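The values are calculated or read from the model by the stated rules, or taken from the named source; none is laboratory data. From a predicted model like this one, the values you see are computed outputs, not experimental measurements. When we count neighbours, we look across all protein chains shown, and the Cβ atoms used for this are built from the backbone with ideal geometry, even at glycine. Remember, those area values only see protein heavy atoms, side chains included, never the ligands or the DNA or RNA. Shrake-Rupley method; radii C 1.70, N 1.55, O 1.52, S 1.80 Å.
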Amino acid sequence: MLELKNVSVRYPGMKDNALNQLNLSFEKDEFVCVLGKSGAGKSTFIRCINGLQQPTEGEIHFDGTPMSFQKEELRQTRREMGMVFQHFNLIPRMSVLQNVLTGRFGYRSTLKNLIGWFTSEEIQEAKRIIAEVGLTEMENRRVENLSGGQKQRVGIARALVQHPRILLGDEPVASLDPGTSNRIFSLLQDIHERLGLLTIINVHDIELAKRYATRIIALKDGELIFDGKPQDFTSTE
Ligand code: ADP
Ligand code: ADP
């Protein structure tokens, strides 16, 4: 479903590749955790799949078609990808419901939110997804008043409301305590199993990856140093 062919990324002015000749393919029943120390290339890897970073070499194929970095095609591809972030990237002064609705309609929906322009079907759908992440009681609260774990649940709901085919996470639990991190991973696992959604998450906590992933990938200095089953993984050295 998703394939990286000889993908390298070199940032301008850098001497080494941030990602070096990666060849990988993923199927929709996989829950992949990407491990590696800070600077290993995890974030660059996720950003490539999401189309936020264009590879300097190689291609990314999505359903057998090379990903285009032309504006319109890229927009289409990105609609198929839900993304969750370390710092949530929510709009603090807006409600849970309003933030989730922005996932479906993009930044323009900020304007829609202000003028109350959603159909009742759109609102019902957003509420259904808010219920799935366990936040029904919070749906009219401003995001700035929520805990970190609740904010990330909003982030997950916002990613799901666009019905993505791939769910991507760039260190989604790096700002959360261990108990909350576990509960967020458990939610991601439920969603993965229920929706059959290819899930690829960067994480620096090896134990979390081993507990939840069906497949672990490890990067070091932009090189793939491990690709296999969690039980066979030992270290990022
Ligand atoms: P990780 O997510 O594993 O910490 P990154 O993908 O952020 O790793 O970074 C990989 C390498 O690329 C690092 O050496 C980092 O310093 C470099 N890098 C990341 N982003 C940029 C950028 N925008 N410009 C230049 N170098 C970058
Ligand atoms: P009710 O307020 O009678 O339950 P709804 O189910 O339509 O009616 O709305 C429930 C909540 O959804 C409201 O409290 C409001 O905060 C929010 N809401 C309703 N319409 C909009 C809209 N167009 N944009 C954003 N939020 C909305």
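Please report Rg over Rh for the stretch 159-237, where both radii come from the alpha carbon positions and Rh follows the Kirkwood definition.
Details: Rg = 12.9 Å, Rh = 13.4 Å.
Over the Cα atoms of the stretch 159-237, Rg/Rh equals 0.96.
Say R0 is 30 Å: what FRET efficiency, to the nearest 0.05, do Glu193 and His87 get from their beta-carbon distance?
Working: r = 27 Å, r/R0 = 0.90.
For R0 = 30 Å, the calculated efficiency reads 0.65.
Using only the Cα atoms of the stretch 114-157, each taken as one equal point scatterer with no solvent, compute I(q) by the Debye sum, divide by I(0), and report log10 of the ratio at q = 0.14, 0.18, 0.21, 0.22 Å⁻¹.
With no solvent term, the Cα-only Debye profile gives -0.33, -0.54, -0.71, -0.77.
Just to check, using Stokes-Einstein with a Kirkwood Rh over alpha carbon pairs, what's the diffusion coefficient of the chain at 4 °C and 1.567 mPa s in µm²/s?
Working: Rh = 18.3 Å.
After rounding, the answer is 71 µm²/s.
Could you sort 187-196, 76-85 so that the peptide with the highest average Cβ count within 10 Å comes first and the rest follow in order?
Working: 187-196: 15.7, 76-85: 19.1.
Packing proxy ranking, top to bottom: 76-85, 187-196.
Using alpha carbon centroids, what distance separates the stretch 161-237 and the stretch 8-57, in Å?
Going from one Cα centre to the other spans 15 Å.
Just the number please: accessible area per residue for the stretch 1-132, 1.4 Å probe, all protein chains included, in Å².
54
For every helix of n ≥ 4 consecutive DSSP H residues, a contribution of -39,500 (n - 2.57) applies; sum these over the chain, divide by its total residues, and give [θ] at 222 nm rounded to the nearest 500 deg cm²/dmol.
Working: 8 runs with 86 residues, N = 237.
Result for the chain: -11000 deg cm²/dmol, rounded to the nearest 500.
Mind running the shape call on the stretch 143-193? Use the C-alpha gyration tensor, a ≥ b ≥ c as the square roots of the eigenvalues: rounded below 1.5 for a/c, prolate if a/b tops b/c, oblate otherwise. Numbers along the way, then the final one.
Numbers: a/c = 1.97, a/b = 1.33, b/c = 1.48.
In terms of gyration-tensor shape, oblate.
Calculate, for Thr214 and Arg79, the FRET efficiency according to 1/(1 + (r/R0)^6) with r their C-beta to C-beta distance and R0 30 Å; round to the nearest 0.05. Walk me through the numbers on the way to the answer.
Values: r = 25 Å, r/R0 = 0.84.
That gives a FRET efficiency of 0.75.
Could you check how much of the accessible area of the chain is carbon and sulfur, as a whole percent, using a 1.4 Å probe?
On the way: 5480 of 11690 Å².
Here carbon and sulfur together make up 47 percent of the probe-accessible area.
To make sure I understand the rule: partners must be lysines, Cα under 20 Å from the Cα of Lys210, and not fewer than 8 residues away in the same chain. Which ones qualify?
Lys28, Lys37, Lys42, Lys220, Lys229
How big is the accessible area of Cys33 in square angstrom, nearest 10, if you roll a 1.4 angstrom probe over the protein chains?
Accessible surface of Cys33 is approximately 0 Å².
Between Lys5 and Thr56, what is the spin-label point distance in nm, taking each point 7 Å from the Cα along the Cα→C-beta axis?
2.1
How high is the FRET efficiency between Ser186 and Asp63 when r is their beta carbon distance and R₀ equals 35 Å, given to the nearest 0.05? The partial results should precede the final answer.
Numbers: r = 29 Å, r/R0 = 0.84.
Efficiency, rounded to the nearest 0.05: 0.75.
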